[in-house]
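> Once you've had a glance at the structure underneath, I'll fire off some questions.
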Amino acid sequence: MPQTNPIFRVENVSKILGGNKIIDKVSLELNKGDLKVLIGPSGGGKSTLLQCMNLLYLPDEGDIYLEGDKVNPSKKAALYGFRQQVGMIFQDFNLFDHLSALENVAIALIKVKKQSKAKAGERAMQELDRVGLSDKADLYPAQLSGGQKQRVSVARALAMDPKIMLLDEPTSALDPELIGEVLAVIRDLAASGMTMVMATHQIAFAASLADEFVFMQDGRIVEQGSPQALMDCTPVSRTKDFCSKLAELYGEEA
Ligand SMILES: Nc1ncnc2c1ncn2[C@@H]1O[C@H](COP(=O)(O)OP(=O)(O)OP(=O)(O)O)[C@@H](O)[C@H]1O
Ligand SMILES: [Mg+2]
């Protein structure tokens with residue numbers, strides 16, 4: 001897809017882990033407000049790619065560009081500055097158990113952005129409100145449902161004013177009845193113009209929102225295009241085949 005001014009760019013990134021090439025020359029571009037969804041079989045490299053995208057894993061080959069600037073991971077200040085601008089949502093929430101919901105959202109504002117406790121608390125409250133949790137601000141993770149914990153982790157990412165959000169199967173650790181509330185928050189984020197890359201098996205949901213499906217297998221992008229183009233096409237695409245197998249597994253929803 002031709003892009004004029006991508007806000008985020010992955011260029012020919014490869015990553016070797018345990019002696020194997022887990023990501024193999026992957027390139028991806030996002031314009032502001034794009035939502036790209038990573039799909040594909042388990043072990044295909046989705047999580048590894050997302051971790052290369054925020055430079056939690058340093059690529060063995062290739063580069064990451066934010067707003068046109070190549071990030072130099074060997075410069076610590078550049079690396080930390082970059083990571084602050086990339087929000088990451090993990091399957092298992094990654095909250096601090098000893099901090100309340102409000103403190104979980106405020107902590108990076110205080111420690112990393114050096115905001116006063118009062119200012120950080122105010123901002124944290126705004127973000128909790130945005131994900132519908134202002135009444136749970138004083139509760140600890142153990143007192144929250146999985147869906148609520150995931151919404152706190154979204155609020156925490158948003159408080160840092162990220163330029164892009166990376167979501168790695170944000171609903172796959174949740175009981176079915178809690179998935180909807182997290183998907184609603186993601187839908188609102190997409191509507192607000194947030195640039196996002198999300199790995200998910202929620203194909204129907206993803207198809208309703210995504211600008212593009214990116215199908216990964218064996219560390220490579222093997223198909224890429226609009227959900228409609230990939231799911232409607234004949235002959236059957238790998239994406240279509242994969243989605244119908246998921247539908248068999250999870251019932252109609254997928
Ligand atoms: N630290 C590591 N050392 C060695 N191999 C690894 C490491 N992390 C991941 N891998 C391998 O990399 C491959 C891709 O894993 P990854 O977790 O990125 O896949 P995925 O597409 O996210 O899968 P899933 O859908 O199950 O989440 C797998 O074969 C995995 O075993
Ligand atoms: Mg994964």
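The values are calculated or read from the model by the stated rules, or taken from the named source; none is laboratory data. Model, not experiment: these values are computed from the prediction. Neighbour counts are summed over all protein chains in view; Cβ atoms, including those assigned to glycine, are modelled from backbone coordinates with ideal geometry. All accessible areas refer to the heavy atoms of the entire protein, side chains included, with ligands and DNA or RNA removed. Shrake-Rupley method; radii C 1.70, N 1.55, O 1.52, S 1.80 Å.
> Kindly list the number of the only condition in (1) open to solvent by 80 Å² or more (accessible area, probe 1.4 Å); (2) modelled with pLDDT under 95; (3) basic (Lys, Arg) that fails for Lys117.
Of (1) open to solvent by 80 Å² or more (accessible area, probe 1.4 Å); (2) modelled with pLDDT under 95; (3) basic (Lys, Arg), only one is false for Lys117: (2).
> Can you name the residue in the stretch 222-254 that is open to solvent by less than 60 Å² (accessible area, probe 1.4 Å) and β-branched (Val, Ile, Thr) and, of all such residues, is modelled with the highest pLDDT?
Top of the filtered list is Val222.
> Quick one: which residue in Val86, Val105, Val112 is at pLDDT below 95 and either assigned by TED's automatic domain parsing to the domain that holds Phe8 or touching a helix residue (DSSP H, G or I) at 6+ places or on another chain (Cβ under 9 Å) (or both)?
Val112
> With the condition being more than 16 Å from ligand 1 (Cβ to nearest atom), I'd like the strands (runs of 3 or more DSSP E) fully within the stretch 1-117 carrying at least 3 qualifying residues.
On the way: elements: 8-17, 20-30, 35-39, 61-66, 86-89.
Once the strands (runs of 3 or more DSSP E) in the stretch 1-117 are filtered for at least 3 residues that are more than 16 Å from ligand 1 (Cβ to nearest atom), what remains is 8-17, 20-30, 61-66.
> Let me ask something else about it. Suppose we keep only residues that are within 14 Å of Val10 (Cβ to Cβ) and among the β-branched types (Val, Ile, Thr) within the stretch 196-221. Which one would you say is surrounded by the fewest Cβ atoms within 10 Å (Cβ to Cβ)?
My answer is Ile221.
> Only one residue in Ser14, Ser27, Ser47 is in contact (Cβ under 8 Å) with a residue 12 or more places away in the chain, of a type in the set (S, T, N, Q) and either touching a Cys at 6+ places or on another chain (Cβ under 8 Å) or open to solvent by less than 10 Å² (accessible area, probe 1.4 Å) (or both), so which one is that?
Ser14
> Would a scan of the stretch 222-238 turn up a residue that is under 15 Å from the mean Cα position of the chain (by Cα) and closer than 30 Å to Leu17 by Cβ?
No, the stretch 222-238 contains no residue that is under 15 Å from the mean Cα position of the chain (by Cα) and closer than 30 Å to Leu17 by Cβ.
> Scanning for something touching a strand residue (DSSP E or B) at 6+ places or on another chain (Cβ under 8 Å) and without any contact (Cβ under 8 Å) to a residue 40 or more places away in the chain, does the stretch 170-187 turn up at least one residue?
Checked against the condition, which is being touching a strand residue (DSSP E or B) at 6+ places or on another chain (Cβ under 8 Å) and without any contact (Cβ under 8 Å) to a residue 40 or more places away in the chain, the stretch 170-187 yields at least one hit.
> Step by step: first the residues of the stretch 166-187, then only those that are more than 16 Å from ligand 2 (Cβ to nearest atom), under 17 Å from the mean Cα position of the chain (by Cα) and among the hydrophobic types (A, V, I, L, M, F, W, C), then the one that is surrounded by the fewest Cβ atoms within 10 Å (Cβ to Cβ). Which residue is that?
Ala184
> Now a separate question. Is at least one residue of the stretch 123-131 part of a loop (DSSP other than H, G, I, E, B), under 20 Å from the mean Cα position of the chain (by Cα) and not assigned by TED's automatic domain parsing to the domain that holds Asp34?
Yes, some residue in the stretch 123-131 is part of a loop (DSSP other than H, G, I, E, B), under 20 Å from the mean Cα position of the chain (by Cα) and not assigned by TED's automatic domain parsing to the domain that holds Asp34.
> Does Gln143 fit the bill of being open to solvent by 10 Å² or more (accessible area, probe 1.4 Å), in contact (Cβ under 8 Å) with a residue 40 or more places away in the chain and in contact with a Lys or Arg (Cβ under 9 Å, 6 or more places away or on another chain)?
no
> Something else: Out of (1) open to solvent by less than 50 Å² (accessible area, probe 1.4 Å); (2) more than 18 Å from the chain's Cα centre (by Cα), what's the single condition that is false for Ala159?
Result: Ala159 fails condition (2) only.
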